[in-house]
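A short worksheet on the structure shown next.
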Amino acid sequence: MAVTVGASPRLGLGMLRHLPAEARPLIRPGTVPTGIVHLGLGAFHRAHQAVFTEAAVGAAGGDWGIMAVAPRSTAMVEAIAAQDNLFSVSTLSAAGSATRVVGALSGVRHAPRDPDAVVALLADPAVRVVTLTVTEKAYQLDPVTGELSPDPALAADLAGGRPPTTVPGLLLRGLAARAAADAGPVALVSCDNLPANGRRLRGMLDQAVGRADGVPAGLVEWVAANVTCPGTMVDRIVPASTPETIEAARRVLGVTDLAAVAAEPYAQWVIEDDFPGGRPGWEHAGAVLTDDAGPWERLKLRTLNGVHSAIAYLGALAGRETIAEALEIPHLADVLRRLIAEDVAASFTPPDGVRVVDYGEQVLARFGNPAIHHRTLQVALDGSQKLPQRVLHTIADLRAAGRSARWGALVVASWLRFALGYADDGHPLPFQDPLAGPIRAALDAGTQSPAGAVDALFALREVIPVEVAEDDEVRADVIAWLTALERHGVEATLAGAR
């Protein structure tokens, strides 16, 4: 993302006094010691956990500064370091926008550049919480079986003898150093959109510790006794930053912020309260602390994320650039309401006091926010990692209860149609996915007919659970929807949906 700083000074500690009073951070970087290490320095963390944590420390105190670690790119590390660990978040709605600088970060690190420093952070007794936003694929787990992948980089990390390069490798090495230093208990907190994300993280960690070569004696027992993995549900729409994001922040702040992010007004964080070394007072920032995040996770994954994926694939096929624009496709909102009411709401028990249909209406209103330019192609990334928890688990639960999953089948068909690589008007669509090779190979072998394409895709057990793949009714529904999308396109298919 090329941005010209121009004549405006850069955001930094020396510029805080020049900012509008309402735009200044709640806490000043450097005044709150590090208590949290966060893996993942993307836009979502900056607009979500960092905002909640700054508000919690501002309200309740505590030494909970965040040392943010980038697992890959150096660009954001360099941008934030040059700004004295400051960045801004703009809240966008149809009624207007507001921009505020956030001071939650105590520092930034780049894991590939200095993995040993990251390991040392994880072993620091002052660090009692480690949070993660690293996306589904960084967990190195098969989305169907939950088993660690045979990735060569991960295998090298488990073998030891070199600095770690994967997220499981970093955690393994950091916890081994923490145990050796007797640095005290720690909570590892997944903030990624995974079903039962705490249990998934725990499964990844236990497998890594159990399979690693040369780990210290007693590490398995130490991890079992000293490491918790609370489940969470996170929610806020945060589009990828663009030069326009940075320019809009500059107009408000009078300084240039190359780490600026924009987000919708809504934000939610549900957290299982299992922190053996303590935690920030997140409840003072509006977070929900609970004994079981599972119902909240399913509500969000199936209703919000599942609908998000449906809009992304159908919108991209119909040539719509943003989610809000896609929602204007005739009949799409009606189809999504049927997906929510007839499939999603019937597939699970929601949290007490929550009606899935009402939550779904709120979701559609949020997605229709014209100020949030969330691109359909961005949401459509990595479908093989997202669809199991967003849609396929809904289908499996409905069929196990003897119910139809017709609208969920439409989402699967739209993803398959998207994977074929061209829109309704014939222009090519990018297909970016960790399993792009196997998926494309399967589709190339089966593209002589919709039935052949569905059979080829359903044979990929890395994506499609066996109970879904072997369900004749689901197969027939997906074939029917794919046939309609191929012959008539999105708009005509939706117009004829009954």
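The values are calculated or read from the model by the stated rules, or taken from the named source; none is laboratory data. Computed from a predicted structure; not experimentally measured. In this analysis, Cβ positions are derived from the backbone assuming ideal geometry, glycine residues included, and neighbour counts consider all displayed protein chains. Heads up: the accessible areas ignore ligands, DNA and RNA and are worked out on the full protein's heavy atoms, side chains in. Shrake-Rupley method; radii C 1.70, N 1.55, O 1.52, S 1.80 Å.
Accessible area per residue, 1.4 Å probe, Å², for the chain: what's the number? Before the final figure, lay out each step's value.
Numbers: 18740 Å² over 498 residues.
Averaged over the residues of the chain, the accessible area is 38 Å².
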- Whole-Å distance linking the alpha carbon centroid of the stretch 78-99 with that of the stretch 213-288 is 16 Å
- The answer for V129, listing residues at least 5 apart or on another chain whose modeled amide H is closer than 5 Å to its amide H, is V37, A187
- Item | Nearest-10 value in Å² for the accessible area of D471, using the 1.4 Å probe | 20 Å²
- Diffing the stretch 389-396: the Karplus 3J(HN,Hα) column from phi (6.51, -1.76, 1.60, θ = phi - 60°), in whole Hz with x for Gly and Pro, holds 7, 7, 9, 5, 5, 4, 4, 4
- Message: Tell me the carbon and sulfur percent of the accessible area for the stretch 46-192, rounded to whole percent, probe radius 1.4 Å.
- Response: 56 percent
- Message: If I compute mean projected area of the Cα convex hull in nm² from the structure I just sent, which labelled value in [x] 22.8; [y] 38.1; [z] 21.6 lines up?
- Response: [x]
- Item | Amide H within-cut-off set for W269, under 5 Å, with H built and near neighbours excluded | V288
- Considering amide H positions built from the backbone, and no H for Pro or chain starts, which residues 5 or more places from S106, or on another chain, come under 5 Å of its amide H? I66, M67, A68
- Query: How would you rank 365-374, 477-486, 11-20, highest first, on the average number of other Cβ atoms within 10 Å across their residues?
  - Reply: 477-486, 365-374, 11-20
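Sort 417-426, 48-57, 28-37 for me by packing, meaning the mean count of neighbouring Cβ atoms within 10 Å per residue, highest on top. Please list the in-between numbers first.
Values: 417-426: 16.7, 48-57: 25.0, 28-37: 18.6.
Ranked by mean Cβ neighbours within 10 Å, highest first: 48-57, 28-37, 417-426.
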- Message: What are the ³J(HN,Hα) couplings of the stretch 300-315, residue after residue, when phi is run through the Karplus curve with 6.51, -1.76, 1.60 and θ = phi - 60°? Round to Hz, x for glycine and proline.
- Response: 6, 4, 7, 8, 6, 5, x, 5, 4, 4, 4, 5, 4, 5, 5, x
- Query: What percent do you get for the relative contact order of the chain when only Cα pairs under 8 Å and 6+ apart count?
  - Reply: 15 percent
- So what is the 222 nm mean residue ellipticity for the chain from helices alone, if each DSSP H run of at least 4 adds -39500 (n - 2.57) and you divide by all residues, rounding to the nearest 500 deg cm²/dmol? -12000 deg cm²/dmol
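Given an 8 Å cut-off on Cα distances and at least 6 residues of separation, report the relative contact order of the stretch 167-277 as a percent.
31 percent
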- Rounded to a whole number, what % of the accessible area of the stretch 371-462 do carbon and sulfur atoms account for, probe 1.4 Å? 54 percent
- Low-density loop cleavage sites - trypsin sites (Lys or Arg not before Pro) in the stretch 67-133, where at most 12 other Cβ are within 10 Å (DSSP): R113
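Show me 214-220, 231-237 ranked by packing, highest mean number of other Cβ atoms within 10 Å first. All intermediate terms of the calculation are to be shown ahead of the outcome.
Working: 214-220: 12.7, 231-237: 23.4.
Descending mean neighbour count gives 231-237, 214-220.
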